[in-house]
Amino acid sequence: MANKPQVQLTGPQIVSAARQRIRNAAPFLYTSLCKLAFLYSDEIRLPVENEKGEVELRSTCAVTDTGILIVSPAWIMEQAATYPKYVLEIVAFMLAHETLHYVLRTCKRAAQLFGGRATTGADYMVANIAADLAINEIVSQLNLSADPNWAAAQKDMIGVWPEHYQLPSGLSFEAYWHLLDKERPPAPKNGPKPASGDCGSGAVGKSSEQEDEVVKKAGYGRHVKSEAEAEHIARGFANDVKKAAELNRGDVPAGLAVEVDVATDPPKVRWEEQVRRQVRTGILSAPGRDVSDYSRLNKKAAGLGFGLGVPFIPHHKAFVPTVAVILDTSGSMACNNALGLALVEIREVLKQVGGRLRFISVDCEVHGDEQINSFEELMQTVKGGGGTDMNPAFALVSDSLTNARAPFPRPSLVICATDGEISQVPDCGVPTIFLVINTNEPTWMRENHTWADIIHIDPSELAPP
């Protein structure tokens, strides 16, 4: 019996089938997808380096900050030719990705991150990649395919992923933005793939002349949505996500609830300044900040003269504080973006101490105790995901106070970043700051840890610097 010839679908037909995939996998997202205006056009082009090393313009897809989803039939046909087995999944991924940019208000959140300062192309690139890292992780958890190999295959077909930048998965857009290098903006690590750093004005607010011209040429002015309409759609999406989560059907990706909360609840408190001020104070006021060196004479002694009966004024040398950072890497830290916020603050501590500190990674046991000289080194030592017990880490700190053979010297300051879901910790004998990252402040910590300073960080009040 002869094989049936395969039916060649057109671009719009593939989009229709991909939309159905989203409807089945994530009905809470499909509702918002249907509220976007679809515009088919091949005139949104990006410079891409081909196999010969030549730069050529290729059509792509984008979402505008006014709620218009521009879909390129040429791009769809290119995906169909390159990945015929997974073209529906790739297009569904793209549609979900661009829709999430719009309903999670990443363009508005990017403007908050920029803080009103003059922005460059590098700023937009970093912001777009940061948003893509968070969104790609979310979309990858949607059940867009019945093929068991799709979960692994999508990593090669879709643009950017946290592991490309040695970053942990499951963080928020803002956390990834803080952690990416702004001085040397990262180029997409997976080549000219969808969802890899250039998603239109609806992603980070950067509108190209091509985008404006395409919308104007198509006469889509009547489909343009106002800021109020965008906020209404975003809040409707947030309610749909929360309802789906309450039904406990298992189709709401981990991390989406955090993104929704950040998108719909604007920052109220700049807790970062409080953290950095207190950490800075702790470092500067650490015991031994100024050390007397009796092996050398102070320059001021010349004014008093020399000889018997003349006071000896010792030389003073600056004390370089040693800071020990304890990071709670238990499974609960993955919730509410606690791990991402902790890493952001630890990177700031690294800057304060000149890029050198003792780093202890611990859940219910110590997974790493090393001298760290850069944030890149630190990221390679973050391990855990189990239960929670900070006692082993504090025991190591206490050991450095009493054991002359301890591998690390006595620290001047201990900073412990945790979600507060920890047991009683004894006084380690060193000035200590707890960064408690939790929506609800654990009051028992203040009652039982009177020997430490405690800063409560509410993840829902994340404010950009």
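The values are calculated or read from the model by the stated rules, or taken from the named source; none is laboratory data. As the structure is a prediction and not an experimental result, all values here were calculated from the model. Here the Cβ is made from the backbone with ideal geometry for all residues, glycine too, and neighbour counts use every protein chain on show.
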Worksheet item: If you check every pair at least six apart or on different chains, which have Cβ atoms under 8 Å apart with a residue in the range 23-45 that is of a type in the set (Val, Ile, Thr) first and a residue that is assigned to a helix (DSSP H, G or I) second?
Response: Thr31/Gly236; Thr31/Phe237; Thr31/Asp240; Ile44/Gln210; Ile44/Glu211; Ile44/Val214
Item to complete: Tell me, please, whether a residue that is in contact with a Pro (Cβ under 6 Å, 6 or more places away or on another chain) and in a helix (DSSP H, G or I) can be found in the range 73-90.
Response: no
Worksheet entry | Only listed residue being of a type outside the set (A, V, I, L, M, F, W, C) and in contact with a Leu (Cβ under 6 Å, 6 or more places away or on another chain), chosen from Thr120, Thr106, Thr99, Thr64 | Thr99
Item to complete: Select from the range 209-243 the residues that are touching a Gly at 6+ places or on another chain (Cβ under 8 Å) and of a type outside the set (A, V, I, L, M) and write down the one among them that is nearest to Leu57 (Cα to Cα).
Response: Glu211
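Quick grid of which residues meet (1) on the phi > 0 side of the Ramachandran plot; (2) in a helix (DSSP H, G or I); (3) crowded, with 16+ Cβ neighbours inside 10 Å:
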| residue | (1), (2), (3) |
| --- | --- |
| Gly386 | no, no, no |
| Ala395 | no, yes, no |
| Ser400 | no, yes, yes |
| Ala404 | no, no, no |
| Pro411 | no, no, yes |
| Glu421 | no, no, yes |
| Gln424 | no, no, no |
Discussion item. Step by step: first the residues of the range 129-153, then only those that are surrounded by 22 or more Cβ atoms within 10 Å (Cβ to Cβ) and more than 13 Å from the chain's Cα centre (by Cα), then the one that is nearest to Asn337 (Cα to Cα). Which residue is that?
Written reply: Val139
Response to the item:
Of the residues in the range 94-108 that are outside any loop (DSSP other than H, G, I, E, B) and among the hydrophobic types (A, V, I, L, M, F, W, C), the one that is nearest to Val139 (Cα to Cα) is Ala96
Worksheet item: If we scan the range 352-360, do we find a residue that is of a type outside the set (Gly, Ala, Ser), crowded, with 19+ Cβ neighbours inside 10 Å, closer than 18 Å to Gly385 by Cβ and modelled with pLDDT of 85 or more?
Response: yes
Fill in: the range 159-211 - residue that is crowded, with 16+ Cβ neighbours inside 10 Å, charged (D, E, K, R) and not in a helix (DSSP H, G or I) and, of those, modelled with the lowest pLDDT
Lys193
Practice prompt. Any residue in the range 91-112 that's modelled with pLDDT under 95: show its pairings with residues that are of a type in the set (Asp, Glu) at Cβ separation under 7 Å, as long as the two are six or more apart or on different chains.
Written response: Leu104/Glu259; Cys107/Asp65; Arg109/Glu174
Practice prompt. Look at Ser423 and say whether it is modelled with pLDDT of 85 or more and small (Gly, Ala, Ser).
Written response: no
Discussion item. Tell me the residue from Lys35, Lys4, Lys52 that is modelled with pLDDT of 90 or more, part of a loop (DSSP other than H, G, I, E, B), of a type outside the set (A, V, I, L, M) and surrounded by fewer than 21 Cβ atoms within 10 Å (Cβ to Cβ), please.
Written reply: Lys35
